Amino acid sequence: MRRGGGMIYDRIGPDFPLTHWMLYFKFLMRIFCKKKFLYFDTSSEFRPGSYAITCSKISIGKNVTIRPGTMLFADPRVGSDGCIIIENDAMIGSGVHIYVANHRYTIKGLNIINQGHCNAKSVVLKEGCWVGANSTILPGVEVGARSVVGAGSVVTKNIPPNTIFAGNPAKFIKYI
């Protein structure tokens, strides 16, 4: 497990009060996040009330703000490809959830909790996109450059650049 910011845990969140307080002070937040994440640009912010699981597999580009209630869940399994890449100038609303893996549920007669997880698939938010508040981005999705995901959407498939998608599941609305 990666050691970041002097801590042995590869995660950030309100459930870690010994380090979470640092997010309230921009100077400390940036130092802490640069140590924890795979990449974290100093122009970005990770605000209190947000969660990141497996920080060592999460990259956050320039001018990105991770708002309260947001959950970035990269895959903690060693050797897994389950990364989250947020490119420059991506906008992310509060309460957005991004997942790179899901529970397996294909074995009849076996409780889902005992079936493990599917193979992880990375998620990429391309430059200049906007993911509206309370949206969910599922494994393997790429949100195209300068595209918009409407608030509360569930994104199950790739979104092309310069488009607007919304709904559950997210569907094409129009070209920008």
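Which count do you get for residues in region 94-111 that are of a type in the set (V, I, T) and at pLDDT 95 or above? Break it down into steps so the answer makes sense when it comes.
Initially, region 94-111 is screened for residues of a type in the set (V, I, T), giving 96, 98, 100, 106-107.
Imposing the further condition that a residue be at pLDDT 95 or above reduces the set to 96, 98, 100.
Going through region 94-111 one residue at a time, the tally reaches 3.
Looking only at region 108-128, count how many residues are touching a residue at least 24 places away in the same chain (Cβ under 8 Å) and under 23 Å from T54 (Cα atoms). Before the answer, list the steps.
At the first step, the residues of region 108-128 found to be touching a residue at least 24 places away in the same chain (Cβ under 8 Å) are 117, 119-128.
Adding the requirement that they be under 23 Å from T54 (Cα atoms) leaves 117, 119-127.
Of the residues in that region, 10 qualify.
Conditions tested, residue by residue: (1) polar (S, T, N, Q); (2) closer than 24 Å to S44 by Cβ.
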{"residue": "S59", "(1), (2)": "yes, yes"}
{"residue": "V64", "(1), (2)": "no, yes"}
{"residue": "G69", "(1), (2)": "no, yes"}
{"residue": "L72", "(1), (2)": "no, yes"}
{"residue": "G93", "(1), (2)": "no, yes"}
{"residue": "I107", "(1), (2)": "no, no"}
{"residue": "N114", "(1), (2)": "yes, no"}
{"residue": "S135", "(1), (2)": "yes, yes"}
{"residue": "E142", "(1), (2)": "no, yes"}
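Quick check on region 100-115. Is at least one of its residues within 14 Å of I85 (Cα to Cα) and in contact with a Phe, Trp or Tyr (Cβ under 7 Å, 6 or more places away or on another chain)? Yes, some residue in region 100-115 is within 14 Å of I85 (Cα to Cα) and in contact with a Phe, Trp or Tyr (Cβ under 7 Å, 6 or more places away or on another chain). For region 36-44, does any single residue satisfy the condition of being among the charged types (D, E, K, R), under 18 Å from M22 (Cα atoms) and in a helix (DSSP H, G or I)? Yes, because at least one residue in region 36-44 is among the charged types (D, E, K, R), under 18 Å from M22 (Cα atoms) and in a helix (DSSP H, G or I).
Name the single residue that is nearest to H97 (Cα to Cα) among those in region 141-157 being among the small types (G, A, S) and either within 12 Å of the chain's Cα centre (by Cα) or open to solvent by less than 30 Å² (accessible area, probe 1.4 Å) (or both). Give the steps one after another, and end with the answer.
Pass one, region 141-157, residues among the small types (G, A, S): 144-145, 147, 150-153.
Now narrow it down to the ones that are either within 12 Å of the chain's Cα centre (by Cα) or open to solvent by less than 30 Å² (accessible area, probe 1.4 Å) (or both): 144-145, 147, 150, 153.
On the way: G144: 17, A145: 19, S147: 17, G150: 14, S153: 10 Å.
The extreme case among them is S153.
State the number of residues belonging to region 76-107 that are of a type in the set (S, T, N, Q) and under 24 Å from I8 (Cα atoms). Spell out how you get there, then give the answer.
Taking region 76-107 and keeping what is of a type in the set (S, T, N, Q), we get 80, 88, 94, 102, 106.
After this cut, where a residue has to be under 24 Å from I8 (Cα atoms) as well, the list is 80.
Qualifying residue count for the region: 1.
Tally the residues that are open to solvent by less than 30 Å² (accessible area, probe 1.4 Å) and not in a helix (DSSP H, G or I), restricting the search to region 49-63. So the count comes out to 9.
Of all residues in region 121-137, those satisfying the criterion of being among the hydrophobic types (A, V, I, L, M, F, W, C) and either modelled with pLDDT under 95 or in contact with a strand residue (DSSP E or B) (Cβ under 6 Å, 6 or more places away or on another chain) (or both) are V123, V124, L125, C129, W130, V131, I137.
Whether any residue in region 21-30 is part of a loop (DSSP other than H, G, I, E, B), aliphatic (A, V, I, L, M), in contact (Cβ under 8 Å) with a residue 24 or more places away in the chain and open to solvent by less than 50 Å² (accessible area, probe 1.4 Å) is what I want to check. No, region 21-30 contains no residue that is part of a loop (DSSP other than H, G, I, E, B), aliphatic (A, V, I, L, M), in contact (Cβ under 8 Å) with a residue 24 or more places away in the chain and open to solvent by less than 50 Å² (accessible area, probe 1.4 Å). Reported count of residues in region 138-147, each being in a loop (DSSP other than H, G, I, E, B), touching a Lys or Arg at 6+ places or on another chain (Cβ under 8 Å) and under 18 Å from A74 (Cβ atoms), is 3. The C-beta contact set for region 133-162 (first residue in contact (Cβ under 8 Å) with a residue 24 or more places away in the chain and among the charged types (D, E, K, R), second residue outside any loop (DSSP other than H, G, I, E, B) and open to solvent by 30 Å² or more (accessible area, probe 1.4 Å), distance under 9 angstrom, 6+ apart or interchain) comprises R146/W130.
I'd like to check which strands (runs of 3 or more DSSP E) are fully inside region 64-137 and have at least 1 residues that are open to solvent by 40 Å² or more (accessible area, probe 1.4 Å).
Numbers: elements: 71-73, 84-86, 97-99, 123-125.
Where strands (runs of 3 or more DSSP E) fall fully within region 64-137 and carry at least 1 residues being open to solvent by 40 Å² or more (accessible area, probe 1.4 Å), they are 71-73, 84-86, 97-99.
The values are calculated or read from the model by the stated rules, or taken from the named source; none is laboratory data. The shown structure was predicted, so the numbers you read here are calculated from the model rather than taken from an experiment. Cβ: placed from backbone, ideal geometry, glycine included. Neighbour counts: every protein chain shown. Keep in mind that these areas ignore ligands, DNA and RNA; they rest on the heavy atoms of the full protein, side chains included. Shrake-Rupley method; radii C 1.70, N 1.55, O 1.52, S 1.80 Å.
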